[in-house]
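All remarks here apply to the structure that follows.
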Amino acid sequence: MTAATDIGDLAATSQSLRAVVHDSIAKAAPAWRDLQQVGAYAPYQRLDWIAAYLDAGFRPGTQVAILTILERDRPIALIPFEIVRKFGLRVAQIVGMSISNGDAPVFDPRSAHLLTPKALRDALATLPADIVNFHCVASQVGEHANPLAQLGGNPAPDNLYFNALEPGDAPFIEQSLPHKRRTNIRRSQRRLDEGFGPVKLHRAATPAEVETMLEVFLDQRGRRFVQMGVENIFQRPAFRQFFRQLALEGLDQDRPAISLHALYAGEAIVATSIGTYGPTHYSQYINSTDYGDASRYSLMGVTLSLLVDQLRADGVRSLDMGLGDFDYKTDWTHRRPVFDIVLPVSALGRVAAPALRGARAAKRKIKQTPSLWKLARTAQSAVVALRRAVSGKSRDR
């Protein structure tokens with residue numbers, strides 16, 4: 001079903017905006033592709049990312065509601081929602097929010113001035129929902145202001161790590177990193193080269209390389225998660241299908257939805273980086289490093305130094321390293337706050353909205369308070385260990 005609603009006339013332009021809600025990806029795809037050709041978008045709201053998420057079955061039976069805002073008959077913005085049920089509420093959230101690094105619309109920057117807070121609120125009110133819930137809204141989408149940021153909100157539990165990649169002939173680390181850190185990375189690269197073989201960063205270019213890099217990533221990441229006492233969610237079938245599908249689809253694309261980079265030392269893969277692209281932006285989604293002898297060296301430092309220089313050479317103008325506070329990210333990016341936005345669009349939603357805001361505020365308090373976060377991680381590790389023990393006993397029977 002497709003619903004269209006007039007969301008008012010803009011006196012400044014004497015032109016009308018309409019909101020159209022589609023209940024399938026296929027119906028929204030033509031406008032989506034058109035906007036991506038001329039527009040701005042975060043990697044996690046691009047059409048192929050969303051379609052692959054739905055195909056992988058992260059949330060079976062997802063009810064989608066693709067909101068398109070049109071100026072007359074020309075699409076100027078699109079937001080892909082799923083409608084989920086929580087405590088009897090219909091909550092509209094961006095498709096794949098649970099595995100993304102922030103929410104944003106796909107939009108035409110030339111018409112961004114039309115996406116006023118009132119126009120956005122009026123359009124969001126046409127969704128079949130009680131509450132519209134955005135997570136981790138950043139101030140920018142690539143080089144453009146994020147229209148959703150106008151809607152206000154409260155600080156999210158995590159921070160985003162972002163940096164502009166200034167053009168230049170010198171390596172990025174020479175321009176941006178302290179001398180001690182540069183020296184450590186260069187020494188690590190030299191020692192890897194001497195002890196293991198020539199060091200190079202290579203992006204997967206064949207199906208065979210996709211399979212190899214994914215298996216190495218899963219192994220390296222899995223061992224790291226065991227050390228951390230957390231579940232390796234990337235071993236779940238949905239994630240494996242999601243990564244593989246998009247990596248294979250992206251082999252012939254300059255800006256794929258998933259790109260796989262591997263740091264080789266001789267014949268061995270000693271680190272990996274999985275990332276995704278906007279038009280001129282790269283987002284590092286997840287990475288992994290070796291757990292053997294090579295782990296003595298700054299593997300992620302070497303990987304990122306080569307990756308950032310490759311990105312700059314390819315015309316990428318900004319980089320983020322996703323959500324979550326880890327010290328190594330501050331070598332390459334700057335910490336930026338992001339915001340949660342909870343908008344009630346029904347009477348029931350207005351009653352429930354304070355509780356939803358309160359839950360996210362409590363999560364932020366825990367994650368941003370070291371002593372509380374340590375306790376939470378300890379409890380999480382105990383739960384994971386118990387699950388592993390139970391699973392082991394089940395296999396032994």
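Which one of 299, 263, 311, 304 is touching a residue at least 12 places away in the same chain (Cβ under 8 Å), touching a strand residue (DSSP E or B) at 6+ places or on another chain (Cβ under 7 Å) and closer than 30 Å to residue 134 by Cβ? Let's see the steps before the verdict.
Numbers: 299 fails: closer than 30 Å to residue 134 by Cβ; 263 fails: closer than 30 Å to residue 134 by Cβ; 304 fails: touching a strand residue (DSSP E or B) at 6+ places or on another chain (Cβ under 7 Å).
Result: 311 is the single residue among 299, 263, 311, 304 that is touching a residue at least 12 places away in the same chain (Cβ under 8 Å), touching a strand residue (DSSP E or B) at 6+ places or on another chain (Cβ under 7 Å) and closer than 30 Å to residue 134 by Cβ.
Checking each residue in the range 289-330 for being surrounded by 14 or more Cβ atoms within 10 Å (Cβ to Cβ) and either of a type in the set (Lys, Arg) or at positive phi (or both) picks out 312, 317, 322, 329. Put simply, of 29, 56, 40 the only residue that is of a type in the set (A, V, I, L, M) and closer than 22 Å to residue 128 by Cα is 29.
Checked against the criteria, residue 61 does not count as out of contact with any strand residue (DSSP E or B) (no Cβ under 6 Å at 6 or more places or on another chain), assigned to a strand (DSSP E or B) and at pLDDT below 95. Given the conditions (1) at pLDDT 90 or above; (2) farther than 19 Å from residue 103 by Cβ, and given that residue 343 satisfies all but one, which numbered condition is not satisfied? Checking residue 343 against (1) at pLDDT 90 or above; (2) farther than 19 Å from residue 103 by Cβ, the one that fails is (2).
Output the residues belonging to the range 147-178 that are under 24 Å from residue 279 (Cα atoms), modelled with pLDDT of 90 or more and out of contact with any Ser or Thr (no Cβ under 6 Å at 6 or more places or on another chain). Answer for the range 147-178, where residues must be under 24 Å from residue 279 (Cα atoms), modelled with pLDDT of 90 or more and out of contact with any Ser or Thr (no Cβ under 6 Å at 6 or more places or on another chain): 147, 148, 150, 159, 160.
Scanning the range 64-96 for residues that are among the charged types (D, E, K, R) and either assigned to a loop (DSSP other than H, G, I, E, B) or under 24 Å from residue 141 (Cβ atoms) (or both) turns up 71, 72, 73, 74, 82.
Checking the condition over 29 Å from residue 140 (Cα atoms), touching a residue at least 40 places away in the same chain (Cβ under 8 Å) and surrounded by fewer than 16 Cβ atoms within 10 Å (Cβ to Cβ), which residue from 216, 210, 226, 230 passes?
Details: 216 fails: surrounded by fewer than 16 Cβ atoms within 10 Å (Cβ to Cβ); 210 fails: surrounded by fewer than 16 Cβ atoms within 10 Å (Cβ to Cβ); 226 fails: touching a residue at least 40 places away in the same chain (Cβ under 8 Å).
The match here is 230.
Condition (residue is of a type in the set (S, T, N, Q), assigned to a helix (DSSP H, G or I) and buried (at least 17 other Cβ atoms within 10 Å of the Cβ)) applied to the range 111-133: is it met by at least one residue? Yes - at least one qualifying residue is present in the range 111-133. A Cβ distance below 8 Å, combined with a sequence gap of six or more or placement on separate chains, defines the contacts here; from the range 25-47, residues that are under 9 Å from residue 108 (Cα atoms) and surrounded by 17 or more Cβ atoms within 10 Å (Cβ to Cβ) reach residues that are basic (Lys, Arg) and at pLDDT 95 or above in the pairs 36/46. In the range 38-58, the residue that is modelled with the lowest pLDDT out of those that are in contact with a strand residue (DSSP E or B) (Cβ under 6 Å, 6 or more places away or on another chain) and more than 22 Å from residue 243 (Cα to Cα) is 39. Once the range 183-232 is narrowed to residues that are in a loop (DSSP other than H, G, I, E, B) and at pLDDT below 90, the residue that is farthest from the chain's Cα centre (by Cα) is 229.
The values are calculated or read from the model by the stated rules, or taken from the named source; none is laboratory data. In this text, all values refer to a predicted model and were calculated from it rather than measured experimentally. Heads up, the Cβs are rebuilt from the backbone with ideal geometry, glycines too, and the neighbour counts pull from every protein chain shown.
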